[in-house]
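The values are calculated or read from the model by the stated rules, or taken from the named source; none is laboratory data. Here the structure is a predicted model, which means the values were calculated and not measured. In this analysis, Cβ positions are derived from the backbone assuming ideal geometry, glycine residues included, and neighbour counts consider all displayed protein chains.
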Amino acid sequence: MAEGWRGIFAVLQTPLTEVDAIDMQVMARQVEFSVACGSHGLVYPVLGGEFQYLTDAERADALKVVCETTAKRIPVVAGVAAPSRAVATELARSAAEAGADALIALPPYISPASLDQVMDYYRAIAEVGLPIMIQHAPIVPLPPPFLVRLLTEIKEVKYLKEEREPSAHNLTQVIQDAGDECLGIFGGGHGRWMMSEMERGSSGFMPAAQTLDLYVKTWDAFQAGDRAEARRLYNAHLPLINQLIMVGLQVCKEVLVRRGVFENNLMRTPGAVQMDEGDHLELDAILEELGDLIGVK
């Protein structure tokens, strides 16, 4: 695998006002918080940002705020996933105009697409000319050999975010088979397999921003050769990661509220699980145990 971007790229959440509009001031604050935490890049909007429940205009306007606030200090990877090639291409053009440094997209995610249609979808996005990352998630599974084809046959497709289980095994196979045509493979899933995936050569991770500083510390310790410290930090993080997986993205927003970044934990997703009193008590205990491992305000 050739050398490309590496590190922790924050997947930004979508902050909402009480009237269900995107809070652009809080979005800018989240960008500054992520930069202060040591983020190596930003990603928006993808599944973690509830992209599928945003209007196209909201996606464009919020991405513009992200790019303008970041001001090229770190790369911005714009989410352009769509149900069809035509919509994804339009979103990709809009992202390029906003100043994004790269694009990330799931394959078409509503109606099942053939592998040939998926190839055409990414070729169309590639016409914008920006580097592309495939988001490989359970909702649209692709066989690893086809992922390798995308990485080797479309010159703009250079990165993979691997989230389909067993993600660590898929990561190993793609690294072996794609060679230098692939510039990087990033982990997702809130970093639940972070240690295993780093051992296998992951280029980085794309978690939500709520405890980004702890993800960065874990990454930095591993890159410095201190595997014991990296595992200690990873183990300390697991209770929160478990709650994120079990309860959902509202936990991410709630932690950002408690850290002074968000004003509320409102969700756009219909039917999203709402944290109850027990969840809040569990989060109280988790954050108390994490203590000084998270501290950026």
Worksheet item: Does the stretch 132-140 contain any residue that is within 29 Å of Ile245 (Cβ to Cβ), assigned to a helix (DSSP H, G or I), touching a Lys or Arg at 6+ places or on another chain (Cβ under 7 Å) and small (Gly, Ala, Ser)?
Response: no
Worksheet item: Do you know which residues across the stretch 38-63 are more than 12 Å from the chain's Cα centre (by Cα) and within 14 Å of Val26 (Cα to Cα)?
Response: Asp61, Ala62, Leu63
Worksheet item: For the stretch 227-246, how many residues are hydrophobic (A, V, I, L, M, F, W, C) and either buried (at least 20 other Cβ atoms within 10 Å of the Cβ) or touching a His at 6+ places or on another chain (Cβ under 7 Å) (or both)?
Response: 6
Fill in: Top-ranked residue in the stretch 74-111 [being of a type in the set (Gly, Ala, Ser) and in a loop (DSSP other than H, G, I, E, B); ranked as surrounded by the most Cβ atoms within 10 Å (Cβ to Cβ)]
Ala100
Worksheet, complete the sentence: Selection over the stretch 8-23 where residues are within 17 Å of Ala57 (Cα to Cα) and small (Gly, Ala, Ser) yields a count of 1
Worksheet, complete the sentence: Pairs returned, first residue in the stretch 114-128 that is under 11 Å from Val80 (Cβ atoms), second residue that is surrounded by fewer than 18 Cβ atoms within 10 Å (Cβ to Cβ) and of a type in the set (Gly, Ala, Ser), beta-carbon separation under 9 angstrom, 6 or more apart or interchain, are Tyr121/Ser84; Ala124/Ala86; Val128/Ala96
Item to complete: Scan (1) within 30 Å of Val148 (Cβ to Cβ); (2) in contact (Cβ under 8 Å) with a residue 60 or more places away in the chain; (3) not small (Gly, Ala, Ser) for the single condition Leu54 breaks and write down its number.
Response: (1)
Worksheet item: Taking the stated definitions as given, is Met267 among the aliphatic types (A, V, I, L, M), within 21 Å of the chain's Cα centre (by Cα) and crowded, with 17+ Cβ neighbours inside 10 Å?
Response: yes
Item to complete: Just one of (1) free of Cβ contacts under 8 Å to residues at least 60 places away in the same chain; (2) under 24 Å from Ala102 (Cα atoms); (3) outside any helix (DSSP H, G or I) trips up Glu165, so point out which.
Response: (2)
Item to complete: Could you list, in sequence order, all residues of the stretch 231-264 that are among the β-branched types (Val, Ile, Thr) and touching a residue at least 12 places away in the same chain (Cβ under 8 Å)?
Response: Ile241, Ile245, Val247, Val251, Val255, Val261
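Table: residues versus (1) modelled with pLDDT under 95; (2) surrounded by fewer than 18 Cβ atoms within 10 Å (Cβ to Cβ); (3) not in a helix (DSSP H, G or I).
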position: Gly4; (1), (2), (3): yes, yes, yes
position: Val26; (1), (2), (3): no, no, no
position: Ser39; (1), (2), (3): no, no, yes
position: Leu42; (1), (2), (3): no, no, yes
position: Ala113; (1), (2), (3): yes, no, yes
Worksheet item: Pick from Glu156, Glu162, Glu197, Glu181: which is in contact with a helix residue (DSSP H, G or I) (Cβ under 6 Å, 6 or more places away or on another chain), of a type outside the set (Val, Ile, Thr), closer than 22 Å to Leu115 by Cα and buried (at least 24 other Cβ atoms within 10 Å of the Cβ)?
Response: Glu162
Discussion item. I'd like the full set of residues that are among the aromatic types (Phe, Trp, Tyr) and touching a strand residue (DSSP E or B) at 6+ places or on another chain (Cβ under 7 Å), limited to the stretch 197-253.
Written reply: Phe205, Tyr215, Trp219
Worksheet entry | Test: Ala221 is touching a Ser or Thr at 6+ places or on another chain (Cβ under 8 Å), among the small types (Gly, Ala, Ser), in contact (Cβ under 8 Å) with a residue 12 or more places away in the chain and closer than 19 Å to Pro207 by Cβ | no
